[in-house]
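Note sheet for the following structure.
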Amino acid sequence: MSSHLSFDFTRMRSSSVGRWGASDAERKKIAPRLRDAKKEVLRIHESREQGWMSYPTDKDVGKKITSVVKQMNAFQTCLVLGIGGSDLAGRALYSALKPSKKKLVFAGANTDPDELFEIVDGLDLKNTCINIISKSGGTVEPMASFLYVLSQLEKKVGKRNVADHIVATTDPESGSLYELATKHGWAMLPIPRNIGGRFSALTAVGLFPLAFAGTDIQGIQKGAHQEFQAFQSESVEKNNACQYALLQYLAYTKRNQKIQIVMPYSAQLKEFGLWYRQIWAESLGKKVNRKKKIVNVGPTPISALGATDQHSQIQLYTEGPNDKTILFIEIEQFKNDLHVPANVFGMKELVQISGKRFRDILHAEREATSRALTASKRPNGTLFLKKITPGSIGALFMFYELATALSGELYDINAYNQPGVEAGKKAMHDILSR
Ligand code: PA5
């Protein structure tokens with residue numbers, strides 16, 4: 001069993017929120033389908049149809065990444081270019097783990113010229129390595145940004161030296177980026193064929209930039225693997241990822257709670273919320289089910305931040321339509337043990353916070369919000385992490401990947417394709433090539 005995460009879903013149940021939560025009878029009735037969903041997820045893992053569950057145990061991955069990190073040793077900054085699944089995990093891992101040996105800067109997820117100019121203008125390119133990430137190798141936003149960055153790099157370091165700065169993370173056999181990297185001798189890291197964009201967080205996509213910046217990536221891989229082992233060995237009734245997927249699915253299908261919010265009480269996990277938004281939306285939002293029947297299914301993921309959004313979104317969550325589930329993430333221990341100074345000014349109103357630890361105030365805020373939501377019969381749960389470490393963050397990523405895969409089975413849709421995104425990409429190529 002994973003020791004990194006625990007999941008309290010008491011307040012998602014009918015015993016806490018009445019007809020707006022899942023009853024025991026409902027959960028019992030659907031348990032066989034959940035067991036089948038688990039079997040199918042394990043089957044695609046064992047048959048290697050999907051590689052993201054076993055990848056954290058692949059020893060070669062760490063070795064390859066370490067050797068490219070050594071190759072880039074001379075540089076102090078890495079500019080990471082990518083979009084969607086080739087971008088969000090790196091950002092989320094970096095802001096969660098905050099490695100400080102070297103600096104990461106992210107771009108390529110937009111074609112806003114002012115943003116790109118400012119980012120590149122702020123870099124000392126002579127001292128910067130460029131990690132271009134694109135599985136297909138042809139995505140407009142990161143590739144356009146990359147070509148611009150290359151032109152600027154060339155001006156600074158000369159054509160001959162450009163190759164020393166570049167790491168291409170891409171398909172290991174084909175695509176424009178693969179061909180360019182092969183032709184020009186750029187360092188290359190693979191995104192395995194059987195791992196799709198948004199499930200590639202724990203491949204070189206997320207791990208190379210983090211290793212460059214000084215994170216213990218083995219710790220991330222170990223935490224992810226422990227979470228997967230828990231999924232393999234525990235019953236669906238005991239396993240956190242299984243129960244999470246089930247409760248969200250029941251909320252959607254039985255009670256029309258189609259908006260599913262993740263609200264970490266940790267500024268370091270704000271970017272994680274954006275990664276969650278992508279994996280949940282792009283995997284589960286589908287037009288057809290596996291029998292090709294039109295279903296137009298999919299929960300709408302929202303990311304919020306505690307405590308900040310208590311003074312914004314929470315009003316809607318507590319009193320607006322009861323069409324949501326709210327999932328908090330609480331960190332038990334923080335690195336900095338700050339206290340509010342005691343008895344300052346002797347004001348009556350401020351006595352309640354006088355001398356209190358910030359950590360305890362933050363925990364009280366989450367608990368208070370959860371109680372208020374429960375009193376209004378709004379289903380809400382909490383994922384607890386002891387602290388933010390490479391291990392617990394690896395576990396958190398694997399938890400959500402598993403919950404997404406299980407949800408795909410419950411909705412009976414293909415969680416691994418993205419025809420809606422591809423249609424937009426194709427339309428854009430048509431417009432741009434005119
Ligand atoms: O999850 C996905 O498949 C997408 O979000 C892709 O990651 C995104 O479109 C970027 O694609 P690529 O890595 O091919 O540039």
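The values are calculated or read from the model by the stated rules, or taken from the named source; none is laboratory data. If you're wondering where the values come from, they're calculated on a predicted model, not measured in any experiment. Quick reminder, even Gly has a Cβ in these numbers, built from the backbone with ideal geometry, and neighbours come from all protein chains shown. These accessible areas exclude ligands, DNA and RNA; they are computed on the full protein's heavy atoms, side chains included. Shrake-Rupley method; radii C 1.70, N 1.55, O 1.52, S 1.80 Å.
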_Quick test of your reading of the structure: E49 fulfils all but one of (1) in contact (Cβ under 8 Å) with a residue 24 or more places away in the chain; (2) open to solvent by less than 90 Å² (accessible area, probe 1.4 Å). Name the failing condition by number._
(2)
*Output the number of residues of segment 186-201 satisfying the condition of being touching a strand residue (DSSP E or B) at 6+ places or on another chain (Cβ under 8 Å) and within 10 Å of the ligand (Cβ to nearest atom).*
1
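Residue by residue through segment 163-174, note down the ones that are open to solvent by 20 Å² or more (accessible area, probe 1.4 Å), within 16 Å of the ligand (Cβ to nearest atom) and within 18 Å of F208 (Cβ to Cβ).
At the first step, the residues of segment 163-174 found to be open to solvent by 20 Å² or more (accessible area, probe 1.4 Å) are 163-164, 172-174.
After this cut, where a residue has to be within 16 Å of the ligand (Cβ to nearest atom) as well, the list is 172-174.
Answer for segment 163-174, where residues must be open to solvent by 20 Å² or more (accessible area, probe 1.4 Å), within 16 Å of the ligand (Cβ to nearest atom) and within 18 Å of F208 (Cβ to Cβ): just P172.
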*Could you grab me the full set of residues in segment 129-139 that are open to solvent by 30 Å² or more (accessible area, probe 1.4 Å) and either more than 8 Å from the ligand (Cβ to nearest atom) or among the polar types (S, T, N, Q) (or both)?*
S136
_Taking the criterion of being crowded, with 21+ Cβ neighbours inside 10 Å, more than 24 Å from S15 (Cβ to Cβ) and within 16 Å of the ligand (Cβ to nearest atom), would at least one residue in segment 386-398 satisfy it?_
yes
*asked:* Looking at the structure I just gave you, is E401 crowded, with 23+ Cβ neighbours inside 10 Å and either within 11 Å of the ligand (Cβ to nearest atom) or charged (D, E, K, R) (or both)?
replied: yes
*asked:* Here are the criteria: (1) surrounded by 14 or more Cβ atoms within 10 Å (Cβ to Cβ); (2) in the same structural domain as L207 (by TED's automatic domain parsing); (3) aliphatic (A, V, I, L, M). Tell me which single one L147 does not satisfy.
replied: (1)
_Conditions first: (1) within 16 Å of the ligand (Cβ to nearest atom); (2) closer than 18 Å to L189 by Cβ. A109 passes all but one, so which condition is the exception?_
(2)
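I'd like the residue in segment 273-295 that is of a type in the set (A, V, I, L, M, F, W, C) and within 16 Å of the ligand (Cβ to nearest atom) and, out of all such residues, is nearest to P390 (Cα to Cα).
So, considering only residues that are of a type in the set (A, V, I, L, M, F, W, C) and within 16 Å of the ligand (Cβ to nearest atom), the one nearest to P390 (Cα to Cα) is W275.
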*Among the residues of segment 367-385, count how many are part of a loop (DSSP other than H, G, I, E, B) and either hydroxyl-bearing (S, T, Y) or surrounded by fewer than 20 Cβ atoms within 10 Å (Cβ to Cβ) (or both).*
2
*In the set D124, D114, D87, which member is open to solvent by 80 Å² or more (accessible area, probe 1.4 Å), touching a residue at least 40 places away in the same chain (Cβ under 8 Å) and outside the structural domain of I393 (by TED's automatic domain parsing)?*
D124
*Any idea which residue in segment 96-106 is surrounded by the fewest Cβ atoms within 10 Å (Cβ to Cβ), counting only those that are more than 16 Å from the ligand (Cβ to nearest atom) and under 25 Å from N161 (Cα atoms)?*
K101
*Within the bounds of segment 210-230, is there any residue that is more than 18 Å from the chain's Cα centre (by Cα), surrounded by fewer than 24 Cβ atoms within 10 Å (Cβ to Cβ) and more than 27 Å from L79 (Cα to Cα)?*
yes
*Can you give me the ranges of the strands (runs of 3 or more DSSP E) entirely in segment 255-366 with at least 1 residues that are within 20 Å of the chain's Cα centre (by Cα)?*
259-265, 286-288, 300-303, 324-331
*Tally of residues being in contact with a Ser or Thr (Cβ under 8 Å, 6 or more places away or on another chain), within 16 Å of the ligand (Cβ to nearest atom) and β-branched (V, I, T) across segment 42-95*: 1
*Could you count how many residues in segment 65-76 are buried (at least 18 other Cβ atoms within 10 Å of the Cβ) and either touching a strand residue (DSSP E or B) at 6+ places or on another chain (Cβ under 8 Å) or closer than 24 Å to K270 by Cβ (or both)?*
4
*Kindly indicate whether V205 is outside any helix (DSSP H, G or I) and hydrophobic (A, V, I, L, M, F, W, C).*
no
_Pick from segment 237-253, criterion open to solvent by 10 Å² or more (accessible area, probe 1.4 Å) and not in a helix (DSSP H, G or I), ranking: farthest from Q226 (Cα to Cα)_ = E237
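Could you grab me the full set of residues in segment 60-85 that are closer than 28 Å to N417 by Cβ and of a type in the set (D, E, K, R)?
The answer is D60, K64.
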